[in-house]
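Let me begin by presenting the structure, written as structure tokens, before commenting on it.
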Amino acid sequence: MQFFFHYKVHRVLKRISLSYKTSTIRYFERIRGMGNAVLLDSGKPDSERGRFDILVAAPLCQLSYQHGVLTGHNLPIDISTNQDPFSALEALYQYSRSSQTEAPTEKLTETHDELPFNGGLVGHFSYDLGRAVEDLPDQAINDTLLPEMHVGLYSWSIIIDHHTQTAWLNGSHLISATAFDKIAEQISKAAPHVNPAFQLTSGFASNLNETEYHQALAKIDDYIHAGDCYQVNLAQRFSATCSGDPWHAYQQLRTAAPTHYAAYFDTQHGAVLSLSPERFLATDKDGHVITQPIKGTRPRGTDPQKDQQLAEELRHSKKDQAENVMIVDLLRNDLSKACQPHSVKVPSLFAVESYKNVHHLVSTVIGTLEPDESPVSLLRHCFPGGSITGAPKIRSMQIIDELEPHRRSIYCGSIGYISTTGQMDTSITIRTLLVENNKIHCWAGGGIVADSISEMEYQETYDKVNNLLSTLTAL
């Protein structure tokens, strides 16, 4: 079946200054009812490293992939239901760029270059989208309803810059002047009535008890010693029943666990709440690429002296450094599939980043895209992120499907944007929760290597999400 819908607008570039004093939360509440709203949240004022918040809603068209079937709504491109999802995404991305020259454009007196997003694609890519790239077994239970990919083409955005303390309603070449004025009017209005507060109606329970977790880790150890793999990321899923508005829960979580790759969006059956600290892939308009994998974790200390001790222990841990280097090498290889020869480099190894609940060991890999590659093709070459699979990637993913009882869904996938300018920024969706039909799921995992200690790895999964689970329990 073919899907095709063609539309033309009188394209403009337009920008309206908004009040920076109005919080990101309030702005999102004003646009949330427009449909398919997404908040890409830098976590300010609590997160130290974030700069931009990006808010979008009411996409011109949508592209979705689920259970091997590609569908679209109002698409300006031809697709087929059995098409590779990344090829359709590439076509939509190229349309968003080429359409800049298809109609008269009113130029701004000031440039948009300093803003990260000027209209384009925003959406999510679940871990299980990797099945569209690699041939994987089908053992884990698939019990969630979220599509493996859902992306919208957005013609406008609210962008809040916390460095310059400015906020803008930003219209791209994809939006008409009349539509832009209507959006501006909507944003000026007070937010609608707040929905019922979120609460849990049961405690969280894992899909792996402690004995089962240790048995799974022992199986990974067998695979490592047999030469199948060097590292496997093993995760468990915590689930509870719930009621009320997930947006209320997200607001509490972003205060308890501020991170610079947080995100929120409603879905047909609930919502996704992401408090991720990890960048997956980013590109600038000149094709420069960066990825920043996290491998290595310690809990925060109960006092400054203990906290510093734990950070230094992580910084100098040979086990965590080895684990980190394995993933850095994997990502160097993945980036090399789309980047120019000799451009892939590692400018930073083993930096310690500290968050409210944990310290993380972070490295940085950079490169430059080949002229015939794009942000979308880079995403395909690298998906899913190596930091949450293991090494080698395909064998690790096969072992994950064997040992984890349920498919990962949004966990260890990605959320982000691909601007019409060629800029892209995406997260790895760790510390991410999925609400569906009055159930909430939260995952935690870690990389298992030859010298992993099972009890410590098990405890680490709790260290990573304990503040999320305890915050929700207290609501």
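The values are calculated or read from the model by the stated rules, or taken from the named source; none is laboratory data. Keep in mind that what you see is a predicted model, and the values were worked out from it rather than measured. Backbone-built Cβ (ideal geometry, glycine too); neighbour counts: all protein chains shown.
General observations
- Only one of THR426, THR421, THR364, THR389 that is among the hydroxyl-bearing types (Ser, Thr, Tyr), surrounded by fewer than 23 Cβ atoms within 10 Å (Cβ to Cβ) and at pLDDT 95 or above: THR364
- LEU281 within 28 Å of SER419 (Cα to Cα), in contact with a Ser or Thr (Cβ under 7 Å, 6 or more places away or on another chain) and modelled with pLDDT of 95 or more: yes
- Subset of segment 37-83 [of a type outside the set (Ser, Thr, Tyr), under 29 Å from GLU134 (Cβ atoms) and in contact with a Pro (Cβ under 7 Å, 6 or more places away or on another chain)]: CYS61, GLN66, LEU70
- Residue count, segment 443-471 (criterion: among the polar types (S, T, N, Q) and part of a loop (DSSP other than H, G, I, E, B)): 1
Residue-wise test of (1) among the hydrophobic types (A, V, I, L, M, F, W, C); (2) over 22 Å from ALA282 (Cα atoms).
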residue	(1), (2)
PRO384	no, no
LYS393	no, no
SER396	no, yes
GLY413	no, no
ILE418	yes, no
GLN423	no, no
SER427	no, no
LEU434	yes, yes
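- Within segment 279-326, being under 22 Å from the mean Cα position of the chain (by Cα) and part of a loop (DSSP other than H, G, I, E, B) holds for ASP284, LYS285, GLY287, GLN292, PRO293.
- Of the residues making up segment 355-404, those that are closer than 15 Å to LEU129 by Cα, under 18 Å from the mean Cα position of the chain (by Cα) and not in a loop (DSSP other than H, G, I, E, B) are VAL376, SER377, LEU378, LEU379, ARG380, HIS381, CYS382, GLY386, ILE388.
- Filtering segment 405-420 to residues that are in contact with a helix residue (DSSP H, G or I) (Cβ under 8 Å, 6 or more places away or on another chain), over 11 Å from TYR127 (Cα atoms) and in a loop (DSSP other than H, G, I, E, B) leaves only THR420.
- Residue count for segment 69-91, restricted to those that are out of contact with any strand residue (DSSP E or B) (no Cβ under 8 Å at 6 or more places or on another chain), touching a residue at least 60 places away in the same chain (Cβ under 8 Å) and not acidic (Asp, Glu): 2
- Among the helices (runs of 4 or more DSSP H) confined to segment 149-258, the ones with at least 3 residues that are within 30 Å of GLY385 (Cβ to Cβ) and modelled with pLDDT of 95 or more are located at 210-225, 246-256.
- Breaking point among (1) under 18 Å from PHE265 (Cα atoms); (2) within 16 Å of the chain's Cα centre (by Cα); (3) part of a strand (DSSP E or B), for ILE440: (2)
- Considered as a group, the residues in segment 97-146 that are β-branched (Val, Ile, Thr), modelled with pLDDT of 95 or more and farther than 28 Å from GLY50 by Cα include one that is farthest from the chain's Cα centre (by Cα), and that residue is ILE141.
- In a residue-by-residue description of segment 209-219, the property of being touching a residue at least 60 places away in the same chain (Cβ under 8 Å), acidic (Asp, Glu) and surrounded by fewer than 21 Cβ atoms within 10 Å (Cβ to Cβ) applies to at least one position.
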